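Below is one structure. I have some questions about it.
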Amino acid sequence: MLAAQLTRLDADAPAGLAEALAVVDAVDDTLVRGLARVAEPDAAAWAALADAVAGTPLADRVAEAVRAATTGALTEEHLAVLAGARAALLGAVHDALLERLDTALHRSRVPSAAATGGPADAAPARAGARAWLHELALAGWRGADHELLSGVAAPVEAALAEPALRRLAVLLDGLAAELRAALPVTDPTRVPARRWADLWSRAVLLAAGATAETTPAEPVSGRLLPLGVDVHEHDTAFQVQLHALLEPAGGGAVRLVRVTVGAAKVATIVGPAGWRLLEAYPVLLKALAERRALTVTDLPAHGGDLHWVDARAALAEPADPFATARVLLADATAAATPPLHRHPAAIAEPVLVEGRVDRDGDGGPTVDLDGAVIPLAVDRLPAAGPLTPALLATATTCLGLLRWDDGRWLLQPLAVRATVKRQTVEAHNGDWACGVTDAKAAKAEARAGDAVAVLRERAGRLLRR
């Protein structure tokens, strides 16, 4: 059944998809060169963006911002409008792709709620971020230098001091770190233009006052059944995102939800050591490591995202994620995507796929389900978990996330059931949440030393001086 659904998914691309992405690509190229001097191709790119949103409420403001960009009168407010128009176009692509996916999987989804948001405020943290992002846009990725990138330190420090702005702080710090590592940016063919433009646009919108949550939080209670964990590792941050099913305490439809926890870090903390940064969530980590359900009480929820409070959760009985997906996932109700997260790269829908792994013409791993060939996103396997390409090669069942990347659908494995030496084994991304369980990986980690403990001890010395 899933094979037929995915075959229809690949064959049914949304109309206008290629044209919309071409507009975004052209705009992103202008950010590579910078907006201080807008050449004819740059002006054409921004004009195409204005045309793309001409039939929306953004039309007049985007047209004005484009005129400002092409005449050298670009202000911080104009930049926020342009970033918003780019985000809106990618949001439309996201919505079209997600609608096709929901239709293919027969997945029901709660309708989107009306977005709410306020104007930009005069807080020093936001103002400093807006000024730095404006300067960066004028210089472009190729014009960025160490002096410009070092200027991010003050707005990052100011944003970190305000809990509501820590998302912005991490984003600014991460973007600056990636640009710094690429200096000098001389070869435009090696510039991740879409990624850097995505990070810059998101930062501009956050600095302008946009919020990730557009609806008031509602308290939810019930039984939380984990499906799998998506681990995000970056030089400056470590984050885990749990995809799970919630059985509401008062009855009703099973809900597809997410729980996201993370921590800032430094580049020397890599692999399994990242889990030690999340010691503030012992109940959640134990549930992941032991594959157990959780009983949650009055957790704040914004749509499908649960704000995790460890004290409001209790460990429950063991729960097999594969059995959970097989029995409950097909009928679960998904939440609408908040406006700020509407982006094709943000599509990540849990699915259960049963079928042996094969290889495509280039040697990449795929799952072949009666003619529906799904490439596996091996590059997304985290170093902080037990999943490896070798284990995937022997997999017979995969619990993962369907993602859209570079014009095609991919399956990102979160957990696999495989046959190794005639024995059936399972591996889940969250298996090492409370410590490495694989003997070889544990020895390698022991040889590398405990980077988190060393850094904490050094920080303690500095504070005692």
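The values are calculated or read from the model by the stated rules, or taken from the named source; none is laboratory data. On a predicted model such as this, the values are computed, not experimentally measured, just so you know. A quick note on method: Cβ atoms are made from the backbone with ideal geometry, for glycine too, and the neighbour counts reach across all protein chains shown.
Do any residues in the range 293-310 that are charged (D, E, K, R) have Cβ atoms under 6 Å from those of residues that are assigned to a loop (DSSP other than H, G, I, E, B) and surrounded by 15 or more Cβ atoms within 10 Å (Cβ to Cβ), where the two are at least six apart or on different chains, and which pairs are they?
Filtered contacts from the range 293-310: 310/281.
Could you check the range 330-387 and list, in sequence order, the residues that are of a type in the set (Ser, Thr, Tyr) and touching a residue at least 40 places away in the same chain (Cβ under 8 Å)?
Once the filter is applied, which keeps residues that are of a type in the set (Ser, Thr, Tyr) and touching a residue at least 40 places away in the same chain (Cβ under 8 Å), the range 330-387 yields 333, 337.
Looking only at the range 251-267, filter to residues that are out of contact with any Ser or Thr (no Cβ under 8 Å at 6 or more places or on another chain) and in contact (Cβ under 8 Å) with a residue 24 or more places away in the chain; which one of those is surrounded by the most Cβ atoms within 10 Å (Cβ to Cβ)?
257
Being more than 21 Å from the chain's Cα centre (by Cα), under 21 Å from residue 266 (Cβ atoms) and without any contact (Cβ under 8 Å) to a residue 40 or more places away in the chain, is that true of even one residue in the range 166-179?
No, every residue in the range 166-179 fails to be more than 21 Å from the chain's Cα centre (by Cα), under 21 Å from residue 266 (Cβ atoms) and without any contact (Cβ under 8 Å) to a residue 40 or more places away in the chain.
I would also like to ask the following. So, restricting to strands (runs of 3 or more DSSP E) that lie completely within the range 336-410, which ones have at least 3 residues that are crowded, with 17+ Cβ neighbours inside 10 Å and either on the phi > 0 side of the Ramachandran plot or not assigned by TED's automatic domain parsing to the domain that holds residue 196 (or both)?
In the range 336-410, the matching strands (runs of 3 or more DSSP E) lie at 349-354, 365-369, 395-405.
Failed condition for residue 322, given (1) assigned to a strand (DSSP E or B); (2) more than 23 Å from residue 173 (Cα to Cα); (3) in contact with a Ser or Thr (Cβ under 7 Å, 6 or more places away or on another chain), with all others met?
Residue 322 satisfies every listed condition except (1).
Let me ask something additional. Please go through the range 179-216 and pick out each residue that is under 27 Å from residue 85 (Cα atoms) and assigned to a loop (DSSP other than H, G, I, E, B).
185, 191, 192, 208, 209, 210, 211, 212, 213, 214, 215, 216
If I go through the range 157-195 residue by residue, how many of them are out of contact with any Asp or Glu (no Cβ under 7 Å at 6 or more places or on another chain) and closer than 20 Å to residue 345 by Cα?
Selection size over the range 157-195: 12.
Only one residue in 156, 170, 204, 152 is touching a Phe, Trp or Tyr at 6+ places or on another chain (Cβ under 8 Å) and either modelled with pLDDT of 90 or more or in the same structural domain as residue 32 (by TED's automatic domain parsing) (or both), so which one is that?
Just a single option satisfies the conditions, and that option is 152.
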